[in-house]
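Following: one structure in structure tokens, then a few remarks.
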Amino acid sequence: MSTSTGTCPLITGALAAQEAAVAPATIRKWVQLGRLTPAGRQGRAQLFRLEDVFAAERGARGRPERTGAPHKRP
């Protein structure tokens with residue numbers, strides 16, 4: 001099985017955790033909670049798109065996606 005689809009490479013849970021600056025257990029928890037969906041498998045390992053990992057990380061930390069406009073506090 002290939003570890004890439006088109007131009008979006010797939011990464012392991014361990015690398016996903018490293019890129020998102022969280023523990024590997026956090027990646028597994030996001031999958032359990034439905035916040036992150038594996039994009040493939042390599043043997044028993046789940047593979048993820050990096051953009052999906054960052055989206056799950058933003059959602060978990062409560063950060064909205066950047067739109068370029070500054071956020072004003074009341």
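Things to note:
- Distances between placed amide hydrogens fall under 5 Å for LEU10 paired with SER4, THR5, all partners being 5 or more residues away or on another chain.
- A cut-off of 5 Å between modelled amide H atoms, ignoring neighbours fewer than 5 places along the same chain, links LEU47 with ALA39, GLY40, ARG41, GLN42.
- Taking 7 Å steps out from each Cα toward its Cβ at LEU15 and ARG41 produces label points 2.0 nm apart.
Computed from the coordinates by the stated procedures, all read-outs in this text should not be read as laboratory data. Because the structure is predicted, anything quoted here is derived from the model rather than measured. Note: ideal-geometry Cβ built from the backbone for every residue, glycine included; neighbour counts use all protein chains shown.
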